[in-house]
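Below is one structure, written out as structure tokens; comments come after it.
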Amino acid sequence: MSVTTPAPHGSEREASTRHPMVGGLPITIEPVSEPLSDAVRRERMREPGFGRVFSEHMLTIRWTRDGGWQDASLHRYGPLVLDPATSALHYGQSVFEGFKVYRGADGSVAAFRPEANAERFRASSRRLCLPELPVDVFVDAVDLLVAHDHEWVPTAPGHTLYIRPLLFASEPELVVRPSEECLFVLTAFVAADYFPRGLTPVSVWVADHFVRAAPGGTGAAKCAANYAAGLAAQAEAAEHGCDQVVFLDAVERRWIEELGGMNLLFVYGGDVPRIVTPELTGTLLPGITRDSLLTIARDLGYAVEERRISVDEWEADVRSGAMTEAFACGTAAVLTPVGRVRRGDAQWTIGDGGTGPVTASLRERLLAVQTGAAPDPHGWLRRIEPSEALRP
Ligand code: PLP
Ligand code: COI
């Protein structure tokens, strides 16, 4: 086997006495024998940043072309041991997901739309010639991990447990072809607000020289390489004093696509606000936050248009006052206002550069559903109970 995970302690192995399943797959459960004390866990969770404070368990499932999905295991979080020839490290055959688990005011714990992430994970896998993990296996795996790490779902406002599924080519062979072996790894980390400044608007830089995705490429897949490819443009944005980069289409270099890790929505004010967002052309990620916000906007009776919008139209509509707000959205940041846009020497400020009322209200409404403070008419929350093993 090319990938190994930390060997469970003897007593932990003995603890796996039941015969649970994830989807139709048998799984070995080896809970940590000595979980961290409440005091140590709370201290670790205090200032978690993003992606550095992981919960105590992880879940892995191997896949081979001959044997399919196998060796599902929930065990102590720890490093993977990889052969230097592991294919994904060289050729980037790797996809991931990201979604959040929220704690409600009543203490209950719920994942936000994990089924949607499971479907997107399958679509990304298909594009990268990786095996497609069945949705029920994905969702059951999330339930199991969160059930065991229930105490890691934060109570602090704005903090959540972020779930990070990953699937990569684990075969140690460097012929360029789809891997014969893959590893699914499910981990969870405590996440603070991605933008610690909260609702303070970000500034964006329009990338004229770099493209993120081209027609026929991998723009609609959540694959590792898309993020590496966006870093140089993000660095260029920072050099020009901007927080984030806006990518344009690769062909005409005029149609707005998205940011490096978020979708963009535009608000045309008026008695009934109109929301415009780039249509899903195959070169941008079909964001689940984007879909949720468009649904909420429609529920509120707003007009919603998914269509091409050019960067020239963006500038003209802001200058004329027709476009009153713009915001970026994604799982990590939820919803962040865009205050200022810079393209070469030109720049424009949206509204008064602050947070507009439609942006603030959509953010509040989405967070209210996510935290269980408002009704959930679309059934987006999946409640997860603590594992029996953790009950006194
Ligand atoms: N676009 C890109 C490139 C992303 O990485 C993300 C984040 O996941 C999004 C958009 C927003 O997607 P979602 O709302 O599903 O998190
Ligand atoms: C998210 O918004 O959750 C993302 O996955 C974007 C980035 C952190 C990779």
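The values are calculated or read from the model by the stated rules, or taken from the named source; none is laboratory data. As the structure is a prediction and not an experimental result, all values here were calculated from the model. Positions of Cβ are backbone-derived with ideal geometry, glycine not excepted, and every protein chain shown enters the neighbour counts. The accessibility values were calculated without ligands, DNA or RNA, using every heavy atom of the protein model including side chains. Shrake-Rupley method; radii C 1.70, N 1.55, O 1.52, S 1.80 Å.
Between 269, 198, which is more than 30 Å from residue 89 (Cα to Cα), under 20 Å from the mean Cα position of the chain (by Cα) and modelled with pLDDT under 95?
Details: 269 fails: under 20 Å from the mean Cα position of the chain (by Cα).
Every option except 198 fails the conditions.
Would you please name the residue that is surrounded by the fewest Cβ atoms within 10 Å (Cβ to Cβ), looking only at residues in the range 293-325 that are in a strand (DSSP E or B) and of a type in the set (Ser, Thr, Tyr)? Break it down into steps so the answer makes sense when it comes.
The first filter runs over the range 293-325 and keeps only residues in a strand (DSSP E or B), leaving 303-306, 310, 323-325.
Now narrow it down to the ones that are of a type in the set (Ser, Thr, Tyr): 310, 324.
Numbers: 310: 15, 324: 21.
Result: 310.
For the range 25-47, how many residues are part of a helix (DSSP H, G or I), aliphatic (A, V, I, L, M) and surrounded by 12 or more Cβ atoms within 10 Å (Cβ to Cβ)?
Residues of the range 25-47 part of a helix (DSSP H, G or I): 38-46.
Going one step further and asking which of them are aliphatic (A, V, I, L, M), we end up with 39-40, 45.
So of that shortlist, the ones also surrounded by 12 or more Cβ atoms within 10 Å (Cβ to Cβ) come out as 45.
Qualifying residue count, the range 25-47: 1.
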task: Specify the residue that is farthest from ligand 2 (Cβ to nearest atom); the eligible residues are those in the range 277-305 that are of a type in the set (D, E, K, R) and within 20 Å of residue 97 (Cβ to Cβ).
output: 291
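To keep it simple, each residue is scored yes or no on (1) outside the structural domain of residue 151 (by TED's automatic domain parsing); (2) more than 18 Å from residue 359 (Cβ to Cβ).
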| position | (1), (2) |
| --- | --- |
| 187 | no, yes |
| 222 | yes, yes |
| 227 | yes, yes |
| 233 | yes, yes |
| 246 | yes, no |
| 280 | yes, yes |
Residue check for residue 161: out of contact with any Gly (no Cβ under 9 Å at 6 or more places or on another chain) and within 16 Å of ligand 2 (Cβ to nearest atom): yes
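Might you let me know whether the range 325-344 holds any residue that is in contact with a His (Cβ under 7 Å, 6 or more places away or on another chain) and within 29 Å of residue 115 (Cβ to Cβ)?
Of all residues in the range 325-344, those in contact with a His (Cβ under 7 Å, 6 or more places away or on another chain) come to 342.
Subset that is within 29 Å of residue 115 (Cβ to Cβ): none.
Looking through the range 325-344, none of the residues is in contact with a His (Cβ under 7 Å, 6 or more places away or on another chain) and within 29 Å of residue 115 (Cβ to Cβ).
Here's the yes/no breakdown for (1) of a type outside the set (Phe, Trp, Tyr); (2) within 16 Å of ligand 1 (Cβ to nearest atom); (3) open to solvent by less than 60 Å² (accessible area, probe 1.4 Å); (4) farther than 16 Å from residue 149 by Cα:
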position: 58; (1), (2), (3), (4): yes, no, yes, no
position: 65; (1), (2), (3), (4): yes, no, no, yes
position: 69; (1), (2), (3), (4): no, no, yes, yes
position: 80; (1), (2), (3), (4): yes, no, yes, yes
position: 86; (1), (2), (3), (4): yes, no, yes, yes
position: 94; (1), (2), (3), (4): yes, yes, yes, yes
position: 102; (1), (2), (3), (4): no, yes, yes, no
position: 110; (1), (2), (3), (4): yes, no, yes, no
position: 116; (1), (2), (3), (4): yes, yes, yes, yes
- request: Restrict the check to the range 200-212 and report whether at least one residue is within 16 Å of ligand 1 (Cβ to nearest atom), open to solvent by 30 Å² or more (accessible area, probe 1.4 Å) and within 29 Å of residue 126 (Cα to Cα).
  value: yes
message: I need every pair where a residue in the range 349-360 that is closer than 16 Å to residue 276 by Cα has its Cβ under 6 Å from the Cβ of a residue that is in a helix (DSSP H, G or I), sequence separation at least 6 or different chains.
response: 350/318
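Tell me, please, whether a residue that is within 26 Å of the chain's Cα centre (by Cα), away from ligand 2 (no atom under 16 Å from the Cβ) and open to solvent by 50 Å² or more (accessible area, probe 1.4 Å) can be found in the range 254-265. Explain how you work it out, then say what you get.
Filtering the range 254-265 down to residues within 26 Å of the chain's Cα centre (by Cα) leaves 255-265.
Retained after the next criterion (residues that are away from ligand 2 (no atom under 16 Å from the Cβ)): 255-256.
Narrowing the set further to residues that are open to solvent by 50 Å² or more (accessible area, probe 1.4 Å) leaves none.
Within the range 254-265, not a single residue is within 26 Å of the chain's Cα centre (by Cα), away from ligand 2 (no atom under 16 Å from the Cβ) and open to solvent by 50 Å² or more (accessible area, probe 1.4 Å).
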